[in-house]
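Structure first, commentary second.
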Amino acid sequence: MTLETLVTELSAAGFDVSLHEAPDGTRCPYLVIEDIEHPNFSADNRVYAKTTSLMLRLVESQIHDFALIAKLENTLDALGLFYSSDDASDKAEHVCETHYQISFFGGN
């Protein structure tokens, strides 16, 4: 898996995906991929196995759309990605978010 493949697959599933922050004028719902890390495994002074860890934010207007959340989680399941999630809301911005922590083997 690569980050490019993840973005391609999420886009093909109908999600509006951006890296690091939502572009100006983006309407909810959308996905933002952020906090990308590569905690690679090393052995003998070289990268033995490349890994990627990231946070994926699903941003929605005011209330959760559970059908949309199920669609996203089904897409992640179909890609064979393990994820854990938590919910947050920003009453000042009138949005709610679901944050997904995802890790997979593979680099950029």
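The values are calculated or read from the model by the stated rules, or taken from the named source; none is laboratory data. All figures in this text were calculated on a predicted structure; none of them were measured in a lab. Cβ placement follows ideal geometry from the backbone for every residue including glycine, while neighbour counts extend to all protein chains displayed.
Can you spot a residue in segment 72-85 that is over 12 Å from the mean Cα position of the chain (by Cα) and farther than 16 Å from THR8 by Cα? Checked against the condition, which is being over 12 Å from the mean Cα position of the chain (by Cα) and farther than 16 Å from THR8 by Cα, segment 72-85 yields no hits at all.
Restricting to segment 54-74, what's the tally of residues that are out of contact with any Phe, Trp or Tyr (no Cβ under 8 Å at 6 or more places or on another chain) and either hydrophobic (A, V, I, L, M, F, W, C) or at pLDDT 90 or above (or both)?
11
Against the numbered list (1) exposed (fewer than 12 other Cβ atoms within 10 Å of the Cβ); (2) at negative phi, HIS64 comes up short only at (1).
Return yes when ALA22 is modelled with pLDDT of 95 or more and small (Gly, Ala, Ser) and no when it is not. If you could, list the steps in order and put the result at the bottom.
Details: modelled with pLDDT of 95 or more: no; small (Gly, Ala, Ser): yes.
No: the conditions fail for ALA22.
Output the number of residues of segment 50-108 satisfying the condition of being part of a strand (DSSP E or B) and either among the hydrophobic types (A, V, I, L, M, F, W, C) or without any contact (Cβ under 8 Å) to a residue 12 or more places away in the chain (or both).
Of segment 50-108, the ones part of a strand (DSSP E or B) are 51-61, 82-90, 95-105.
Still in the list and also either among the hydrophobic types (A, V, I, L, M, F, W, C) or without any contact (Cβ under 8 Å) to a residue 12 or more places away in the chain (or both): 54-56, 58-59, 82, 88-90, 95-96, 102, 104-105.
Qualifying residue count, segment 50-108: 14.
Inspect all residues belonging to segment 15-29 and state whether any of them is assigned to a strand (DSSP E or B), of a type in the set (Asp, Glu) and touching a residue at least 12 places away in the same chain (Cβ under 8 Å).
First pass over segment 15-29, keeping only residues assigned to a strand (DSSP E or B): 17-19.
Filter once more, so that each one left must be of a type in the set (Asp, Glu): none.
No - not one qualifying residue is present in segment 15-29.
Please find, among PHE41, PHE15, the residue that is among the aromatic types (Phe, Trp, Tyr) and either modelled with pLDDT under 85 or surrounded by fewer than 16 Cβ atoms within 10 Å (Cβ to Cβ) (or both). Checking each option against the conditions leaves just PHE41. Of all residues in segment 73-108, which are loosely packed, with under 14 Cβ neighbours inside 10 Å and in contact with a strand residue (DSSP E or B) (Cβ under 6 Å, 6 or more places away or on another chain)? Correct list: SER84, ASP86, ASP87, ALA88, PHE105. For ASP35, the requirement of being at pLDDT below 85, loosely packed, with under 14 Cβ neighbours inside 10 Å and of a type in the set (Asp, Glu) is met.
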